[in-house]
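Notes for the one structure printed next.
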Amino acid sequence: MGENQHVEFAVIDVETTGLAAWKNRVIDIGIVILRSDGSRKANWSTLINPGRPVGSTLIHGITDADVADAPAFSDALPTIVQHLAGRIIVGHNVSFDLEFLNAEFKRSLYPVVIPRDAAVCTMDQSRIYLPEGRHSLGACLDRAGIDMPVRHRGLDDAGCSAALLSTYLTAEADGRRTSHEASDRSGHTVLPAEWERAAGAARSMTWLEIADLSGL
């Protein structure tokens with residue numbers, strides 16, 4: 001990773017009450033911290049009380065009772081920031097996770113927006129490092145030969161995305177790509193080693209210090 005070789009990764013997954021970040025809420029967040037070589041360093045997760053019904057229990061298995069005593073997002077915010085700050089954000093369809101995180105930051109009056117260029121999408125990078133096929137998390141795990149279930153829970157699915165990223169990092173180090181350029185489902189160009197470009201953006205982000213959050 002050149003001059004950015006020591007930047008770590010924060011692999012995230014959020015479960016939500018619905019699909020629209022402007023009106024729905026996060027109810028579960030999982031974060032897996034990877035070292036720059038893809039090895040696991042730490043993990044953290046929490047349920048979030050959205051202050052409303054949790055929605056699609058049939059998908060994520062989370063009930064209103066499960067989150068009744070969970071912290072609000074604003075209460076969990078200092079710990080979330082502690083895990084994300086200074087790291088490259090990673091997710092499967094990471095734009096979805098970023099939309100919800102940024103929306104929750106705004107609701108919590110936390111003046112930070114995580115830009116897409118500070119993040120890596122394991123779904124997009126599958127088009128570079130995996131054989132052709134579907135790009136859902138489960139399909140990518142199958143094609144990568146990773147035996148992990150997709151449970152639609154924050155920490156479990158963050159762990160799956162972390163395993164994919166580690167596979168991509170190893171493939172890139174070994175010079176193994178199935179394509180040198182691809183297009184995502186919106187027609188945007190996908191290039192190899194997205195983490196190389198994301199590292200600089202992640203380092204240049206200004207995060208509000210944890211101690212300052214009490215004044216929000």
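For the subset of segment 72-97 comprising residues that are in a helix (DSSP H, G or I) and buried (at least 23 other Cβ atoms within 10 Å of the Cβ), which member is farthest from the chain's Cα centre (by Cα)?
First, the residues of segment 72-97 that are in a helix (DSSP H, G or I): 73-84, 94-97.
Narrowing the set further to residues that are buried (at least 23 other Cβ atoms within 10 Å of the Cβ) leaves 73, 80, 94, 97.
Numbers: 73: 16, 80: 12, 94: 5, 97: 6 Å.
The selected residue is 73.
Conditions (1) in contact with a Ser or Thr (Cβ under 7 Å, 6 or more places away or on another chain); (2) farther than 30 Å from residue 6 by Cα, marked per residue:
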{"residue": "39", "(1), (2)": "no, no"}
{"residue": "42", "(1), (2)": "no, no"}
{"residue": "69", "(1), (2)": "no, yes"}
{"residue": "73", "(1), (2)": "yes, no"}
{"residue": "76", "(1), (2)": "yes, no"}
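Cβ-Cβ below 8 Å, separation at least six or inter-chain, first residue in segment 11-30 and under 17 Å from residue 108 (Cα atoms) and among the aromatic types (Phe, Trp, Tyr), second modelled with pLDDT of 95 or more and outside any loop (DSSP other than H, G, I, E, B): which pairs?
22/103
Is at least one residue of segment 150-162 over 21 Å from residue 14 (Cα atoms) and touching a strand residue (DSSP E or B) at 6+ places or on another chain (Cβ under 9 Å)? Outline the logic, then answer.
Of the residues in segment 150-162, the ones over 21 Å from residue 14 (Cα atoms) are none.
For segment 150-162, residues over 21 Å from residue 14 (Cα atoms) and touching a strand residue (DSSP E or B) at 6+ places or on another chain (Cβ under 9 Å): absent.
For (1) in a loop (DSSP other than H, G, I, E, B); (2) modelled with pLDDT under 95; (3) touching a strand residue (DSSP E or B) at 6+ places or on another chain (Cβ under 7 Å), each residue gets a yes or a no:
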| position | (1), (2), (3) |
| --- | --- |
| 100 | no, no, yes |
| 105 | no, no, no |
| 109 | yes, yes, no |
| 120 | no, no, yes |
| 123 | no, no, no |
| 127 | no, no, yes |
| 133 | yes, no, no |
| 167 | no, no, no |
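Consider residue 113 carefully, then state whether it is in contact with a helix residue (DSSP H, G or I) (Cβ under 8 Å, 6 or more places away or on another chain), surrounded by fewer than 23 Cβ atoms within 10 Å (Cβ to Cβ) and either more than 20 Å from residue 13 (Cβ to Cβ) or of a type in the set (Val, Ile, Thr) (or both).
So residue 113 fits the description; yes.
Give just the number: which of (1) free of Cβ contacts under 8 Å to residues at least 60 places away in the same chain; (2) basic (Lys, Arg); (3) surrounded by 14 or more Cβ atoms within 10 Å (Cβ to Cβ) does residue 185 not satisfy?
(3)
Filtering segment 135-165 down to residues that are at pLDDT below 95 and in contact with a Leu (Cβ under 9 Å, 6 or more places away or on another chain), which residue is surrounded by the fewest Cβ atoms within 10 Å (Cβ to Cβ)? Break it down into steps so the answer makes sense when it comes.
The initial filter retains those residues of segment 135-165 that are at pLDDT below 95, namely 149-152.
Subsequent filtering for residues that are in contact with a Leu (Cβ under 9 Å, 6 or more places away or on another chain) retains 149-150.
Working: 149: 10, 150: 17.
It comes out as 149.
The values are calculated or read from the model by the stated rules, or taken from the named source; none is laboratory data. Source: prediction; values computed, not measured. Note: ideal-geometry Cβ built from the backbone for every residue, glycine included; neighbour counts use all protein chains shown.
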